[in-house]
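Written out below as structure tokens is the structure these notes cover.
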Protein chains: 2
Amino acid sequence: MTKGDETKSAVLGSAIALASTLGLEGVTIGKLAEHVGMSKSGLFAHFSSKENLQVAILEEAVARFVALVVTPGLKQPRGEPRLRALFERWLAWSRADFLPGGCIFVVASVELDDRPGPARDRLIASQKDWVDTLAHAARIAVEERHFRPDLDCEQLAHEMFSIAYGYHFLRRVFDPAGAEKRSRAAFERLVADARATRP
Amino acid sequence: MTKGDETKSAVLGSAIALASTLGLEGVTIGKLAEHVGMSKSGLFAHFSSKENLQVAILEEAVARFVALVVTPGLKQPRGEPRLRALFERWLAWSRADFLPGGCIFVVASVELDDRPGPARDRLIASQKDWVDTLAHAARIAVEERHFRPDLDCEQLAHEMFSIAYGYHFLRRVFDPAGAEKRSRAAFERLVADARATRP
């Protein structure tokens, strides 16, 4: 990593934390400059526009998500254990210290739904990759005979997505005390339905 | 309804549409005045502050939700039919013409999670009322023996919440074509698990 890369990475860390709370639109180059103690012109040299900054924030968030959730999750044994690890790490991601306002992808989803452009495209691509990763992990669980052969793995992946997005709102707004219990119970029901042997 | 009430209701209709797209924070008294062709001073007479306006927008949204989802849903036969009607009307709500940016409660949830105050309190109260209504509808389905006696009705209500919030994001951002199918399939799985007779 060059000095410039290091600076950029540190700045993006602050930008992610701000975006988690204020939204991507809340992170102007001016506000970010103030927050990290750099000049606006210095930041412009790195990002050149608000739109580029938003894409860079999402890229950095995806890189962290891959490092903290996807890569370690995929190292777990094939099948149900791997899917469980991905789910647990996903919940933990939402509580990460560098995301004081919760999962940045949920926040960005609400902002960007009405705003076509590169940031929205990057967000959608990242979430599609993630649903594909989950569906693939479910398919492996079918191959391993942990899950039943007629399982709709895409549907399971989408239901995990709903549980995790629901977790964000329960934890942040509606039921902070019960969020983990509720979300885990929903996941357990999903896994129980997916298993090869019905109770 | 007095003339003043009629004006207020029409203004709030525009405010809900704006908030659905821009968020509650995006609906300033100035922007709303421009949108409805009234003077800023006229709107101040109705709402007096941005915070009061936000609470009034949420109150109007809750009134519409009750009129379009809760009241007609509760008129359906007790048990599973009633719960299904509430779910279907909830999905339809998210697609209402006066909500061009989708469900205002999802949008407001992301905005208000970091902002304590009367608007956040109003939002949380409304969503708790709604989860209670769903849990109560599920308990009636247990009484009617449509659902099994050991069903966790609170958990079922929370899972409906996750499915509906997930529906918002699928429809608005990640999978517009598949959102309804995915969300209905998740609900069918929820109902199948809740039924007295397991397959």
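The values are calculated or read from the model by the stated rules, or taken from the named source; none is laboratory data. If you're wondering where the values come from, they're calculated on a predicted model, not measured in any experiment. Glycine also receives a Cβ, built like all others from the backbone with ideal geometry; neighbour counts cover every protein chain displayed.
Within region A:74-107, the set of residues being among the small types (G, A, S) and either more than 28 Å from A:V11 (Cβ to Cβ) or part of a loop (DSSP other than H, G, I, E, B) (or both) comprises A:G79, A:A85, A:A96, A:G101, A:G102. Which residue pairs have Cβ atoms closer than 8 Å, lie 6 or more positions apart in sequence or on different chains, and pair a first residue in region A:89-105 that is away from chain B (no Cβ under 12 Å) with a second residue that is among the acidic types (D, E)? Note: pairs meeting the criteria are A:L91/A:E180. Number of residues in region B:15-28 that are more than 12 Å from every other protein chain (Cβ to nearest Cβ) and either surrounded by fewer than 17 Cβ atoms within 10 Å (Cβ to Cβ) or at pLDDT below 90 (or both): the value is 1. When restricted to residues that are free of Cβ contacts under 8 Å to residues at least 12 places away in the same chain and either in a loop (DSSP other than H, G, I, E, B) or buried (at least 20 other Cβ atoms within 10 Å of the Cβ) (or both), region B:111-127 contains 5. When restricted to residues that are under 11 Å from A:A135 (Cα atoms) and surrounded by fewer than 21 Cβ atoms within 10 Å (Cβ to Cβ), region A:146-182 contains 5. Within region B:176-199, not a single residue is closer than 24 Å to A:A179 by Cα, part of a loop (DSSP other than H, G, I, E, B) and facing chain A (nearest Cβ under 10 Å).
Just a yes or no: is a residue in region A:30-53 of a type in the set (V, I, T) and surrounded by 15 or more Cβ atoms within 10 Å (Cβ to Cβ)? Scanning region A:30-53, I find at least one residue that is of a type in the set (V, I, T) and surrounded by 15 or more Cβ atoms within 10 Å (Cβ to Cβ), so the answer is yes. Annotation: B:W130 fulfils all but one of (1) in contact (Cβ under 8 Å) with a residue 60 or more places away in the chain; (2) of a type outside the set (G, A, S); (3) in a loop (DSSP other than H, G, I, E, B); the unmet one is (3). Within region A:139-168, being more than 9 Å from chain B (Cβ to nearest Cβ) and within 19 Å of A:F105 (Cβ to Cβ) holds for A:A157, A:M160. Of note, B:A108 does not satisfy the criterion of being within 21 Å of A:A179 (Cβ to Cβ), touching a strand residue (DSSP E or B) at 6+ places or on another chain (Cβ under 7 Å) and more than 7 Å from chain A (Cβ to nearest Cβ).
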